[in-house]
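The values are calculated or read from the model by the stated rules, or taken from the named source; none is laboratory data. Predicted model, so just to flag it, every value in this text is computed and none were measured. Glycine gets a Cβ as well: all are built from the backbone with ideal geometry, and neighbour counts include every protein chain shown. Remember, those area values only see protein heavy atoms, side chains included, never the ligands or the DNA or RNA. Shrake-Rupley method; radii C 1.70, N 1.55, O 1.52, S 1.80 Å.
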Amino acid sequence: MTIAEPTPRPDVTGPATRTALRTCPLCEAGCGLEITLRPRPDGSEEVVRIRGDREDVFSRGYLCPKGSTLKQLHEDPDRLRRPLVKRDGTFVEVGWDEAFAEIEARLMPVLERHGREACAVYVGNPNAHNLAGLLYNRAVLRALGSPNVFSASTVDQRPKEVAAALMFGGGLNVPVPDVDRTDFLLMLGANPFASNGSLATAPDWPGRLERLVERGGTLVVVDPRRTRTAAMATEWLPIRPGTDAYLLAAIVSVLGEESLVDLAHLAGLVTGVDEVLAACAPFTPEVVADVCGIPAPDIRRLARSLAGAPTACVYGRMGTTTTELGTLASWLVDVVNVLTGNLDRPGGAMFPKAAAGSSNTRGRPRYGKPVRLHRRRTRVRGLPETMGELPVVALAEEIDTPGEGQIRALITIAGNPVLSTPNSARLDAALAGLECMVAVDIYVNETTRHADVILPAPSALQKSHYDLALLQLALRNVANYSEPVLPRDPGQPDEWEVLARLALLLQGMGPDGDPAVVDDLLVTSMVEHAVADETSPIHGRSAAEVLAALEPRRGPERLLDLMLRTGPYGDGFGRDPDGLSLDKLLANPHGIDLGPLAPRLPEVLRTPDGMIALAPELLLADVARLHDGLERRREHPFVLVGRRDLRSNNSWMHNVEVLVKGRPRCTLHVHPDDAAALGLVDGSEAVVRSRTGEVRIPVEVTDDIRPGVVSIPHGWGHDVDGVRLGVARTRPGVNSNVLADETLFDPISGTAVLNGIPVSVEPA
Ligand SMILES: Nc1nc2c(c(=O)[nH]1)N[C@H]1C(S)=C(S)[C@@H](COP(=O)(O)OP(=O)(O)OC[C@H]3O[C@@H](n4cnc5c(=O)[nH]c(N)nc54)[C@H](O)[C@@H]3O)O[C@H]1N2
Ligand SMILES: Nc1nc2c(c(=O)[nH]1)N[C@H]1C(S)=C(S)[C@@H](COP(=O)(O)OP(=O)(O)OC[C@H]3O[C@@H](n4cnc5c(=O)[nH]c(N)nc54)[C@H](O)[C@@H]3O)O[C@H]1N2
Ligand code: SF4
Ligand SMILES: [Mo]
């Protein structure tokens, strides 16, 4: 392994430096980076500076403290450069052929003995920011042929996808808040000052919100914590965790009761208006005020302001999705957007039109097949499938419960479920009992320490980039492609090649498969599909001619070029010579601006009747749980919520010294009244317990949190044996997901409760 040299003083003015441009892959904001490189005596190059690309068409120079750490991540001596194989309990570095041979020898016998379902896959968050994962993971999943597919989506946004699929006909048919043009933004359970936005891609969320308030607009933030976002907002409503669905239902009830419903341009495009109004009518502000902890007059005023504003939009994120009522809340967000006539108009909630990869620009406009959910259930608890995946709250029990269909092997691709998913201690123990585990990852961390084989991916600077997924959710239509900034280490395959070779192995083709086989199959099937599709711009063309036109590219670049050229702005392989292609993106390294969001109804829909379904049966039926909740209110002395920090990124960036130095960030936030009652003082230690476990954690007393609510950030707890994270180990923090309870989840989406976990707190 190479050891990072101490960084010399940057001398970026010398003639030998070079500048490269790259989109930051670390969060959903997608900032453009300007990277200065300088040659080393050995002919290689080193990064001397990373700053915001002022000419980037979307980010205009903005970046956050994480963006510039692509250099530290690249140079991190703990980042894996060569595959690791576990022998007699310890990892040894091996060559790539040997690593794949070990997987063949250890994993395939498990599949032969117990069948394909004996191997599960867990797909983690960085895949959403990664061309290789987005394009080649499905080859791995298809080759494995196991129903046991899990991902970070069921500790995240799955409720929103389910709601969008039922209402608009696509899991990513998610309307985004038109922050730059709105007069009134109601934001629930999101903190873009720390997260930089989610399911709503835009660099510089803080600046956008500041400009909203400066131009006289209104920002109302609903959050049990006074986050930085809440602090700069026009109004902060400190809600009781887990109750957003009640608040939104009450807003709907006021719209109905006070005749404030105005579908405007949406009239004739919506079914189910009366059903939704009837379903929400009982949840008046007066009925829900106590449940939500928000006074009824405030809720009424909020509903009236939303209805009365020239333009308005409602936006909900993690605080709304990761609760027992996650799908109901996600649904009601867009119900309010529709009932106030704010869906699909500037300043409201709008549908982006991405340049590539979006299912709402393919196939027959407006119409689509019915969404099928809950097609199968997990073995042990019968938890429902959504979007082809099973809830990750079921992963541990599916591994540790003996019987027919038990999971005995696991493949993780860019995921750290031991720190990210509920009842971590149980999952950690379950992973230790697996017969075989394979990880595609860049670190030996809390999860991958259990692997038999780890296959490393190149660093972000060594990979190309295009935000195929996140640009489908962008607040402005843009497209930008980045070439790799640095070459790969000798012998290191690209990440897509690792995944393709793994797919061939799982297919039964042996450990030495040629990734090109998978790549050729993938592109050929995509081209054949397109030329046969009446709605494709290349319908009726010869597949061979199209494939020839994609030469000589290979890998993600060939697939991306195909998607761009057959996409809504594409050149259609000659049909529109000014249209988009990968060549065109390469010629515009600061990105191409495709304009502000524009109305897209009804063509954006993919519903069976071509209408917005405001009252999907599944969700209407689930309103029964809202009634139950009113009758059987559970009062807990304390509930735990999460929090994000600008200098952290889920579980995997705590090995970057510049980000973790300074005051500890993994602390327990407690309100002063609660602290006094509990006998806790600032800087003391508390023990926090839940049904599943306990942690000891330093206390931070702050009135930026609702009484009765405590907060711990997730992604910490790096002091376990076998982890190779030299910096993170020195500031380990505690794993908050030891406290998250796998029996608490949203039954519609299978998504975990990460916010509003019942806990007890006492001095250590
Ligand atoms: N309590 C609580 N829990 C939460 C949340 C919360 O708010 N509260 N948030 C949830 C959310 S929103 C999410 S998305 C999940 C995230 O859950 P995960 O996806 O399971 O966790 P990450 O921390 O993103 O881990 C990413 C893994 O990918 C590896 N990695 C990084 N870059 C690459 C790469 O380029 N290639 C490969 N192959 N590997 C790479 C890292 O080393 C790490 O092992 O956590 C969830 N868990
Ligand atoms: N710096 C940084 N940026 C990130 C990440 C990171 O870890 N660090 N992670 C990335 C990922 S994977 C994601 S998914 C996004 C998430 O992006 P966001 O959803 O914006 O992130 P959070 O900070 O988790 O915001 C959730 C907020 O909900 C509040 N909350 C808790 N319970 C409730 C409730 O019941 N109701 C309401 N209304 N609010 C509640 C919390 O106090 C918190 O402020 O961020 C992304 N960006
Ligand atoms: S906000 Fe920070 S981490 Fe996110 S894309 Fe921009 S620079 Fe990267
Ligand atoms: Mo996430």
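Accessible area per residue of the stretch 635-763 at 1.4 Å probe, in Å²?
Working: 4880 Å² over 129 residues.
That works out to 38 Å² per residue.
Once the 1.4 Å probe is applied to the protein heavy atoms, the stretch 461-580 comes out at 39 Å² accessible per residue. Computed on the Cα trace of the chain, the radius of gyration divided by the Kirkwood hydrodynamic radius gives Rg/Rh = 0.95.
Taking every alpha-carbon pair under 8 Å whose residues sit at least 6 apart, the stretch 368-519 reaches a relative contact order of 12 percent.
Taking Cα centre as origin and charging only the Cβ of basic (Lys, Arg, +1) and acidic (Asp, Glu, -1) residues, the dipole magnitude of the stretch 679-737 rounds to 280 debye.
Solvent-accessible area assigned to carbon and sulfur over the chain amounts to 52 percent, based on a 1.4 Å probe. For the stretch 331-361 versus the stretch 89-134, the inter-centroid distance based on Cα atoms is 39 Å. Among beta bridges from DSSP that stay inside the chain, the antiparallel ones total about 50%. Work out the FRET efficiency for ASP645 and GLN406 from their Cβ-Cβ distance, taking R0 = 41 Å, and round it to the nearest 0.05. That pair, ASP645 with GLN406, gives E of 0.60.
Computed with a 1.4 Å probe on the full set of protein chains, the accessible area for ASP520 sits at about 60 Å².
Which value at 222 nm does the chain reach when only helices count, each DSSP H run of 4 or more adding -39,500 (n - 2.57), with the total divided by all residues and rounded to the nearest 500 deg cm²/dmol?
It comes out at -8500 deg cm²/dmol, rounded to the nearest 500.
Order ASP583, ASP334 by their accessible area, 1.4 angstrom probe, all chains in place, largest first.
Values: ASP583 95, ASP334 5 Å².
In descending accessible area the options line up as ASP583, ASP334.
Extension gain, ARG18 to THR90, is 21.8 nm, computed as 0.36 nm per intervening residue step minus the present C-alpha separation.
Inter-label distance, VAL720 to SER542: 5.7 nm, where each label sits 7 Å from its Cα along the C-beta direction.
From Cα pairs below 8 angstrom and at least 6 apart in sequence, can you work out the relative contact order of the stretch 635-763, rounded to a whole percent?
37
A 1.4 Å probe run over the stretch 61-155, with the rest of the protein chains in place, finds 34 Å² accessible per residue.
If you plug the beta carbon distance of LEU260 and ASP628 into 1/(1 + (r/R0)^6) with R0 = 35 Å, you get a FRET efficiency near 0.80. Remark: the SER684-GLU603 segment gains 23.4 nm on full extension, using 0.36 nm per residue and subtracting the alpha carbon distance. A crude spin-label estimate for the pair ARG138 and GLU112, with each label 7 Å from Cα along the Cβ direction, gives 3.1 nm.
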